[in-house]
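What follows is a single structure, written as structure tokens, with notes after it.
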Amino acid sequence: MQDIHSYNFEGKRALIRVDFNVPLNKETMEITDDTRIRAAVPTIKHILENGGSVVIMSHLGRPKTGNEPEFSLKHIVEHTSKLLETEVIFAGDCAGGEAYSITENLEAGAVVLLDNVRYHAEETAGDKSFAEKLSKHGDVYVNDAFGTAHRAHASTTVVAEFFPNDKMFGFLIESEIKSVEKVLESNEKPVTAIVGGAKVSSKITIIERLLDKVDNLIVGGGMAYTFVKANGGKVGSSLVEDDYLDVAKKIMLEAKTKGVNLYIPVDTIVADKFDNDANRETVAIDAIEDGWMGLDVAEKTVAACEEIIANSRVILWNGPMGVFEMENFQKGTAAVAKAIAKSTSNGAFSLIGGGDSVAAINKFNLADQVSHVSTGGGAMLEYLEGKVLPGIAAIQN
């Protein structure tokens, strides 16, 4: 494994796997959120500034029948050129003769974008011969696609086998790894994790691992009502996983045994239906009447969360506190986001990860006020769980 900071790119073609799977307006095919492209710019510019050329490969969407025009990366060429401040040459394929003719004799400073690797079924199958075809586009392999690092695909994992002495992480993946490890291995205390979202079942492994790493664990979102019911509370029509009541009890017992402050909301904003314009009331979270459902946390819980976050040195946020997509049920999530931003400005380290948390931090325009916003929802969650990510292991081994 090489280090991008010290590697000599002079005269080398760098084959970079990025995650340019960006959302497009289906009518105009214009990019509606370029965050993932911007995240890869530092790595690409570094290579160009150090005498190398760049061949970019990525997927876009999930094409089912091969070359479906709506999934072509040609739609992002112009915008990528603007961000890189240099012309991006588009190759009409990723493993055909035309693509090779473009990439085989690249001059220093040139940038080529291959078309969607998922136009080939061999990509998601992790086919070795297809990975070898991709490898012919470069002299060195750089993986900077954290969002797909948990997939053992040809371009994310298998291709690294053909660069045994010339493979490395880009700045983005390097930053993602360091950010997660800063949370899991922090010497600074207290460490606080805020875990929300709909279901306990999807977060069990993460919660159990975090109990060995954190001082405070705040439970939010729909999953909180499973904990409340496990404690004997009345939750009305709130989202509950009855099959996981015993799991919730086990987690609460483990937290107590390990000296972790497990904070479960104490009050909630309830509604008589799942609708922004529903009738609303604020009640104790363990005293919700039948026919009412909790859709956000209320004032006492917000105040407690703000205090815990303000006193934290390291913060992980994964999952919203309520149905923040609805204006009348977003106050709890907004308050947590603002509290994290404020704590960060006071010197805390904050990591935001998981699709809904990222969506929330962006919705409230606070992404530039936290330490790191992860670009890989599924990958970050699996890394937090302690799973080996194939795309990471392929570089490290």
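The values are calculated or read from the model by the stated rules, or taken from the named source; none is laboratory data. Just so it is clear, the structure is predicted and the values come from calculations on it, not from any experiment. In this analysis, Cβ positions are derived from the backbone assuming ideal geometry, glycine residues included, and neighbour counts consider all displayed protein chains.
Tabulated results
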quantity: Those residues of segment 177-194 which are within 14 Å of the chain's Cα centre (by Cα) and closer than 22 Å to residue 336 by Cβ, in sequence order; calculated: 179, 180
quantity: Residues (under 23 Å from residue 176 (Cβ atoms) and either without any contact (Cβ under 8 Å) to a residue 12 or more places away in the chain or surrounded by fewer than 17 Cβ atoms within 10 Å (Cβ to Cβ) (or both)) located in segment 301-350; calculated: 345, 347
quantity: Residue satisfying all of: in segment 377-397; of a type in the set (A, V, I, L, M) and not in a helix (DSSP H, G or I); modelled with the lowest pLDDT among these; calculated: 388
quantity: Residue in segment 279-286 that is of a type in the set (Asp, Glu), in the same structural domain as residue 343 (by TED's automatic domain parsing) and not in a strand (DSSP E or B) present; calculated: yes
quantity: Which listed residue, of 229, 213, 182, 189, is touching a Leu at 6+ places or on another chain (Cβ under 8 Å), assigned by TED's automatic domain parsing to the domain that holds residue 295, in a loop (DSSP other than H, G, I, E, B) and charged (D, E, K, R); calculated: 213
quantity: Any hit, segment 62-69, residues being surrounded by 20 or more Cβ atoms within 10 Å (Cβ to Cβ), assigned by TED's automatic domain parsing to the domain that holds residue 103 and small (Gly, Ala, Ser); calculated: no
quantity: Strands (runs of 3 or more DSSP E) contained in segment 1-94 and holding at least 2 residues in contact with a Phe, Trp or Tyr (Cβ under 8 Å, 6 or more places away or on another chain), closer than 21 Å to residue 392 by Cα and modelled with pLDDT of 95 or more; calculated: 13-17
quantity: Exclusive hit being surrounded by 24 or more Cβ atoms within 10 Å (Cβ to Cβ), under 20 Å from the mean Cα position of the chain (by Cα) and either within 21 Å of residue 156 (Cα to Cα) or not polar (S, T, N, Q) (or both), set 378, 353, 386; calculated: 353
